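Colleague: Have a look at this one.
The values are calculated or read from the model by the stated rules, or taken from the named source; none is laboratory data. Note that the coordinates shown come from a computational prediction; the quantities given were computed from them, not determined experimentally. Backbone-built Cβ (ideal geometry, glycine too); neighbour counts: all protein chains shown. Just the protein is used for accessible areas: all its heavy atoms, side chains included, with ligands, DNA and RNA removed. Shrake-Rupley method; radii C 1.70, N 1.55, O 1.52, S 1.80 Å.
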Amino acid sequence: MWNKISKFFNKKKAKEDYVRLSDEERLTIIEKACKQVSRGVFYSTVIIITSFLPVFLLTGQEGKLFHPLAYTKTFILVIDALLVVTLAPVLISFFLKGRFRSENENPINRRLEKIYEPLIRACMRHRKTTIGVNILALLVSIPLLMSLGREFMPPLDEQSILFMPVTLPDVSNAEAKRILQVQDKIIKSVPEVDKVLGKAGRANTATDNSPMSMIETIISLKPKNEWREGITKQDIINELDSKLQIPGVVNGWTQPIINRINMLSTGIRTDVGVKVHGQDLNKIASVSREVQSLLQHVEGVKDLYVEPVTGGKYLEIDVRRDQLERYGLTVDDINSLVETAIGGAPFATTIEGRRRFGIHLRLGQEYRNSIDRLKRIPLNSPDAGTIPLSAVANIRFVDGPPMITSDNAILRGAVMFNVRDRDLGTTVQEAVDKLNAELKLPDGYFIEWSGQYENLIRGQQSLIYIVPVVLLIILISLYLAFKSIREAFLSLVTIPFALIGGAYLVFFWGVNLSVAVAVGFIALFGIAVETGVVMVIYLNDAMRQLVALKGNSSETITKDDLREYVIHGAAKRLRPKIMTVCVALFGLIPVLWSTGVGSDMMQPIVLPMIGGVLTSSTHILLVTPLIFLMTKEYELKKFGKLEVYDVEH
């Protein structure tokens, strides 16, 4: 009975702890609260939009990949910025009703404040140590970033492999077919391989200029749950490469989609290519072989081969003009015979339904499959009867270019290679330094780096030029939000400290720097500044309360008063700051657990964001109030009063 009475009185007491507000008081409080944070939240949204400007300026492959992300996020945030100052206050007035109680009554918020308040007091007691630790962490992150490898884009796992071996340019159709069959049989013997489809030469299309010496084999893999335990895709490629060591064949491993993208964008079908430009194919071939010999021992260079510009076989029929008059023949007679007997001449057309097929007439295979038989092709002479073709022409095989390639009307060859077991940027930089130091080019010849490295340099240049402009625009937006350059810098200083967590997480996760990682850091700028803006708003609100209570004079305000009100502004509004951080983290962390197609592209984007949000929030919660307190102490000492900024707007 006593327990029931006790529970009744406790419940009644708990109800009495709620604050009852009239509708007029409630709407007045909501209006003041919205005015207090509306401008800061609005400009925070503008800053996040601004921070994505570099993504819009990306071109080429990286632009096509990230423009949809930038447009989607921008459109959402533009609507969000409008709703913050229009719809949000109305919805709050509808749903925020009933009895209200102190923010300290929330158990989670109360526990967080009990942990946070001693920490911030300790930071303010040990100012030099707090700032020194932050600066040291920032300095350590710089060599971490510098030591990271560089690549254009993270390799996307396409769930399949493209095997592109290259053999000698004069390989016959029969030999290419035999090599293709042998390779497909070996590839199918690996347990993880599901299907194999190989092609030699060009496809049945006018846009495919592949020579017979180039083989393309698409390898479809089984689902990963059917693979041998502990094996990776790279292990499968290494195993296949070791089994497919065929004399006269240079192996090349890539993926179908990225291969087509590389060929369309740069004309190079591997990760990196060294284009050799000049006027003579023989000299181009010589320079290309020299480049190949210099790159052989560069770590990370795999599947290295020279695109053949010589070595093709041509059948040359040289008319002996001094014999034509003897037999009463002309050059046209010889050309007509060669065209008809070897090449084939149109004879008729057959119609099958809606389709038409041309019929060509030429000598049978057995009469033209060797030079000796070609020499014996009969030719009717008006003066001497039937004579062999060799009587009026010299027939022989000669070497020539298997395919002539040019860029900007200049002949070119190429040395191609893939990069494995090392990052692309470091590998190519070592190769560039080696060629610059040891390669001697003839006059009129030059080399050009192409492939993924070309895209990497283009992406880096775009980001280098635009990021400083974006930081300036963010600073201007912060100034418009606070009407103070000092407060703007106080919010902007969170950006380098946000880079600390991003750099650490990217480093320990083992990810190379790429355009995707850069996009993640760009997105981090806005998130870090947004949390800093919320903190500065509440710190300024605390200063306004202090001045309203004690006046704005160094005679009435002590350092202890400043410290306590700064702690009050930081700790008593802890919940909205923690919520700002948690919303970002809860939306990003699940990406780290994803394993499907595309996860290897998304993880490098979210890694700097997750690490940066963690360190920037720590900096904002512990260091920003300390810096704010030090600036206010300086103002009070030098000017005898505080510069109080109106945060209600």
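Colleague: Restricting attention to the stretch 168-187, does a residue exist that is of a type in the set (A, V, I, L, M) and touching a Pro at 6+ places or on another chain (Cβ under 7 Å)? Give the derivation first.
Modeller: We begin by selecting, within the stretch 168-187, every residue of a type in the set (A, V, I, L, M); these are 168, 171, 174, 176, 179-180, 182, 186-187.
Filter once more, keeping what is touching a Pro at 6+ places or on another chain (Cβ under 7 Å): none.
Scanning the stretch 168-187 turns up no residue that is of a type in the set (A, V, I, L, M) and touching a Pro at 6+ places or on another chain (Cβ under 7 Å).
Colleague: So, of the residues in the stretch 306-316 that are under 19 Å from Gly248 (Cβ atoms) and assigned to a strand (DSSP E or B), which turns out to be least open to solvent (accessible area, probe 1.4 Å)?
Modeller: So in the stretch 306-316, the residues under 19 Å from Gly248 (Cβ atoms) come out as 306-313.
From the residues that got through so far, the ones that are assigned to a strand (DSSP E or B) too are 306, 312-313.
Working: Val306: 35, Gly312: 2, Lys313: 111 Å².
By that ranking, first place goes to Gly312.
Colleague: Restricting to the stretch 625-649, give me the number of residues that are modelled with pLDDT of 80 or more and either touching a Ser or Thr at 6+ places or on another chain (Cβ under 7 Å) or farther than 22 Å from Leu490 by Cα (or both).
Modeller: So the answer is 1.
Colleague: Hey, can you tell me all the residues within the stretch 102-157 that are crowded, with 16+ Cβ neighbours inside 10 Å, among the polar types (S, T, N, Q) and closer than 30 Å to Ala516 by Cα?
Modeller: Passing the criteria: Asn134, Ser141.
Colleague: Do you know which of the residues in the stretch 458-492 that are over 29 Å from Ile537 (Cα atoms) and open to solvent by 50 Å² or more (accessible area, probe 1.4 Å) is farthest from the chain's Cα centre (by Cα)?
Modeller: Result: Tyr465.
Colleague: Let me ask something else. Please go through the stretch 325-347 and pick out each residue that is small (Gly, Ala, Ser) and within 11 Å of Pro382 (Cα to Cα).
Modeller: Gly328
Colleague: Select from the stretch 319-333 the residues that are of a type in the set (A, V, I, L, M) and more than 59 Å from the chain's Cα centre (by Cα) and write down the one among them that is most open to solvent (accessible area, probe 1.4 Å).
Modeller: Checking each candidate, the answer is Val331.
Colleague: Can you tell me which residue is surrounded by the fewest Cβ atoms within 10 Å (Cβ to Cβ) among those in the stretch 608-627 that are more than 14 Å from Ala571 (Cα to Cα) and either of a type in the set (A, V, I, L, M, F, W, C) or free of Cβ contacts under 8 Å to residues at least 60 places away in the same chain (or both)?
Modeller: This residue is Ile627.
Colleague: Here's another thing I want to ask about it. May I ask you to list the residues in the stretch 343-396 that are closer than 27 Å to Tyr314 by Cβ, of a type in the set (A, V, I, L, M) and either out of contact with any strand residue (DSSP E or B) (no Cβ under 9 Å at 6 or more places or on another chain) or surrounded by 15 or more Cβ atoms within 10 Å (Cβ to Cβ) (or both)?
Modeller: Leu363, Leu374, Ile377, Leu379, Ile387, Leu389, Ala391, Val392, Ala393, Ile395
Colleague: Another one. Against the conditions (1) in contact with a strand residue (DSSP E or B) (Cβ under 6 Å, 6 or more places away or on another chain); (2) crowded, with 17+ Cβ neighbours inside 10 Å, where does Thr426 fall short? Just the number, please.
Modeller: Status for Thr426: all satisfied but (1).
Colleague: Moving to a separate point now. Mind checking which residues of the stretch 191-242 are part of a helix (DSSP H, G or I), of a type in the set (Lys, Arg) and in contact with a strand residue (DSSP E or B) (Cβ under 8 Å, 6 or more places away or on another chain)?
Modeller: Lys233
Colleague: Does Phe95 satisfy the criteria of being of a type outside the set (A, V, I, L, M) and free of Cβ contacts under 8 Å to residues at least 24 places away in the same chain?
Modeller: yes
Colleague: Going through the stretch 432-456 one residue at a time, which ones are aliphatic (A, V, I, L, M) and either loosely packed, with under 13 Cβ neighbours inside 10 Å or within 20 Å of Gly278 (Cβ to Cβ) (or both)?
Modeller: Passing the criteria: Val432, Leu435, Ala437, Leu439, Leu441, Ile447.
Colleague: Restricting the search to the stretch 513-535, which residues are open to solvent by 20 Å² or more (accessible area, probe 1.4 Å) and either touching a Lys or Arg at 6+ places or on another chain (Cβ under 6 Å) or of a type in the set (A, V, I, L, M) (or both)?
Modeller: Leu513, Ala518, Ile527, Val534, listed by residue number.
Colleague: Give the residue that is farthest from Glu487 (Cα to Cα), with candidates limited to residues of the stretch 34-81 that are open to solvent by 60 Å² or more (accessible area, probe 1.4 Å) and not in a helix (DSSP H, G or I).
Modeller: Per the stated criteria, the residue is Thr59.
Colleague: Among the residues of the stretch 87-97, is there at least one that is under 20 Å from the mean Cα position of the chain (by Cα), surrounded by fewer than 13 Cβ atoms within 10 Å (Cβ to Cβ), part of a helix (DSSP H, G or I) and β-branched (Val, Ile, Thr)?
Modeller: Initially, the stretch 87-97 is screened for residues under 20 Å from the mean Cα position of the chain (by Cα), giving none.
No, that holds for no residue.
Colleague: Is it the case that some residue within the stretch 456-468 is more than 28 Å from Leu264 (Cα to Cα) and out of contact with any Asp or Glu (no Cβ under 7 Å at 6 or more places or on another chain)? Let's see the steps before the verdict.
Modeller: If we filter the stretch 456-468 for residues that are more than 28 Å from Leu264 (Cα to Cα), which is where we start, we get 467-468.
The next check asks that each one be out of contact with any Asp or Glu (no Cβ under 7 Å at 6 or more places or on another chain); those that pass are 467-468.
Among the residues of the stretch 456-468, at least one is more than 28 Å from Leu264 (Cα to Cα) and out of contact with any Asp or Glu (no Cβ under 7 Å at 6 or more places or on another chain), which makes the answer yes.
Colleague: For the stretch 271-301, name all the residues that are open to solvent by less than 50 Å² (accessible area, probe 1.4 Å), closer than 26 Å to Leu456 by Cα and small (Gly, Ala, Ser).
Modeller: Across the stretch 271-301, the qualifying residues are Gly273, Gly278, Ser288, Gly300.
Colleague: Name the residues in the stretch 165-177 that are surrounded by 13 or more Cβ atoms within 10 Å (Cβ to Cβ) and part of a helix (DSSP H, G or I), would you?
Modeller: Of everything in the stretch 165-177, those that are surrounded by 13 or more Cβ atoms within 10 Å (Cβ to Cβ) and part of a helix (DSSP H, G or I) turn out to be Glu175, Ala176, Lys177.
Colleague: For the stretch 251-305, how many residues are of a type in the set (A, V, I, L, M, F, W, C), within 27 Å of the chain's Cα centre (by Cα) and part of a helix (DSSP H, G or I)?
Modeller: Result for the stretch 251-305: 6.
Colleague: Moving on to the next point. If we scan the stretch 459-476, do we find a residue that is among the hydrophobic types (A, V, I, L, M, F, W, C), out of contact with any Pro (no Cβ under 6 Å at 6 or more places or on another chain) and under 30 Å from Ser210 (Cα atoms)?
Modeller: No, because not a single residue in the stretch 459-476 is among the hydrophobic types (A, V, I, L, M, F, W, C), out of contact with any Pro (no Cβ under 6 Å at 6 or more places or on another chain) and under 30 Å from Ser210 (Cα atoms).
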